[in-house]
Amino acid sequence: MLRSSIFSLTLSALAMPVIADEVNIYSYRQPELLAPLTDAFTAETGIDVNVAYLAKGMIERLQAEGDRSPADVILTVDISRLTDAVNAGVTQPVTSDVLTANVPAELRDPEGQWFGVTTRARIVYASKENVADGEITTYEDLADPKWEGRICTRSGTHAYTLALVAGMLHHHGEEETRTWLEGVKSNLSRKPQGNDRAQVKAIWAGECDISLGNTYYMGKMLEDPEQQDWANAVRITFPEFEDGGTHVNVSGIAMVKGSPNKENALKLMEFLASPAAQEIYAEANYEYPIAPGTEPTELVASWGTFTADDVSLATLGGLRADALRLMQEVDFDG
Ligand code: FE
């Protein structure tokens with residue numbers, strides 16, 4: 001999957017310096033998710049887009065490259081990774097009316113250091129066989145003893161889990177969150193392990209009845225012949241915080257601090273945040289576009305409607321270190 005990270009050189013027959021009309025992306029998102037968008041951007045603007053797909057180490061690479069980095073824009077998922085990039089000093093603030101018009105305030109950094117372009121909800125996958133429709137409606141309820149031995153989840157230190165725990169911290173504070181985590185832990189049917197889809201597989205296999213996962217994995221399981229049975233064994237339910245909504249996270253974009261093609265970078269970011277691009281991008285990964293007036297695909301819409309928690313993701317980013325410490329204190333994975 002590793003795409004070449006060597007950016008193309010622009011050669012010119014003219015005996016004068018040529019400024020390449022290009023923009024360079026470092027992406028944790030798969031090239032196939034981006035191709036329809038980058039192609040459309042080039043068609044519209046004439047600006048070439050080079051994508052370096054990275055499996056890991058984006059921040060370290062940007063730090064090592066420093067001012068020599070060819071990267072203009074980074075694409076990643078999760079508030080944790082976006083916050084990490086800002087804290088590492090590899091991004092720069094962007095001011096843009098187009099971006100603020102198309103990205104709701106709670107889904108972008110107040111300083112303009114990052115912008116969400118799509119969301120995913122962290123929901124409960126519930127066994128169709130063993131869990132009645134409407135039997136679980138809140139995240140708080142996951143600590144209820146009625147779920148003893150019936151919950152599967154991935155690691156408590158994974159970014160997806162930490163963002164949810166940060167949400168719990170925001171709504172209830174540290175003591176209640178600790179008690180909740182201890183309750184959830186005591187309801188687990190097995191030690192946290194595997195990814196989100198592995199939990200749904202475990203439900204299908206009868207090891208547990210509910211799990212936490214991101215919405216788009218339903219789409220991914222349905223498109224994989226080996227995983228369709230897992231998907232069909234569960235229904236998506238959208239829990240809410242007792243005094244809030246459903247926890248969502250973002251896929252997001254940010255401008256690299258030393259962006260060599262800053263003007264093009266801004267154009268690309270505004271393009272990616274435009275309603276039409278959001279819908280294309282969301283469709284490719286079964287996510288939700290966020291600009292006013294945009295709609296998810298029919299399949300994604302069929303999973304149900306929900307009210308997203310209105311806490312700013314920047315706030316959750318600030319609570320992530322506390323969430324991690326708490327997870328370690330309760331030895332969630334132990
Ligand atoms: Fe994921």
The stretch 129-168 - convex hull of alpha carbons, volume per residue in Å³: 93 Å³
Under the Karplus curve 6.51 cos²θ - 1.76 cosθ + 1.60, θ = phi - 60°, whole-Hz ³J(HN,Hα) for the stretch 185-197, x wherever Gly or Pro sits: 4, 6, 8, 5, 8, 7, 4, x, 6, x, 9, 4, 5
Column: log10 I(q)/I(0), Debye, Cα scatterers of the stretch 75-221, q = 0.12, 0.13, 0.16, 0.17 Å⁻¹: -0.59, -0.67, -0.93, -1.01
Proportion of all alpha-carbon pairs of the stretch 155-231 beyond 15 Å (%): 60 percent
Neighbourhood charge, 11 Å Cβ-Cβ cut-off, centred on residue 22 and excluding it, Lys, Arg +1 and Asp, Glu -1: -3
Options 138, 113, 153, ranked by Cα towards positive dipole end of the stretch 61-168, top entry (Cβ charges): 153
In degrees, nearest ten, helix 262-272 long axis to first principal axis of the chain (Cα): 40 degrees
Selected from 167, 244, 134 as most flexible by GNM, with the chain as the system and alpha-carbon contacts under 10 Å: 134
Sequence-separation-based contact order of the chain, relative, with Cα cut under 8 Å and 6+ spacing, percent: 27 percent
Average Cα contact separation per residue, the stretch 100-219, under 8 Å, 6 or more apart, as relative contact order %: 39 percent
Filter on 220/262; 56/267; 56/191; 146/220 - keep pairs with C-alpha separation over 32 Å: 220/262
Residue (of 202, 248, 271) at the positive-pole extreme of the stretch 173-293, dipole from beta-carbon charges: 271
Percent RCO, i.e. relative contact order, over the stretch 75-135, from Cα pairs under 8 Å lying at least 6 residues apart: 24 percent
Beta bridges per DSSP with both ends in the stretch 73-226, % antiparallel, nearest 5: 65 percent
1.4 Å probe accessible area per residue over the chain, in Å²: 44 Å²
Residue-count net charge about residue 219 - beta-carbon cut-off 13 Å; Lys, Arg +1, Asp, Glu -1: -3
Estimated FRET transfer efficiency when R0 is 30 angstrom, pair residue 135-residue 105 (beta carbons, to 0.05): 0.30
Where only C-alpha atoms are counted, convex hull volume of the chain per residue in Å³: 136 Å³
Structure-based [θ]222 nm, the chain - -39500 (n - 2.57) summed over DSSP H runs of at least 4, per residue, nearest 500: -11500 deg cm²/dmol
The stretch 232-333: C-alpha gyration tensor shape, a/c 1.5 cut-off, then a/b vs b/c: oblate
Surface share of carbon and sulfur [accessible, 1.4 angstrom probe, percent] for the stretch 144-205: 47 percent
For the chain, with +1 on Lys and Arg beta carbons and -1 on Asp and Glu, the positive-most of 99, 239, 86 along the dipole: 86
Net charge, residue 133 excluded, C-beta distance under 14 Å - Lys, Arg +1, Asp, Glu -1: -1
The chain: antiparallel DSSP beta bridges as a percent of all, rounded to 5: 65 percent
Calculated FRET efficiency for the pair residue 325/residue 30, C-beta based, R₀ 41 Å, to 0.05: 0.80
Gaussian network model of the chain, springs between alpha carbon atoms under 10 Å - residue of 209, 141, 84 with greatest fluctuation: 84
Distance between the stretch 185-200 and the stretch 40-105 - C-alpha centres, whole angstrom: 32 Å
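The values are calculated or read from the model by the stated rules, or taken from the named source; none is laboratory data. The structure displayed is predicted, hence computed values, not measured ones. Glycine gets a Cβ as well: all are built from the backbone with ideal geometry, and neighbour counts include every protein chain shown. Remember, those area values only see protein heavy atoms, side chains included, never the ligands or the DNA or RNA. Shrake-Rupley method; radii C 1.70, N 1.55, O 1.52, S 1.80 Å.
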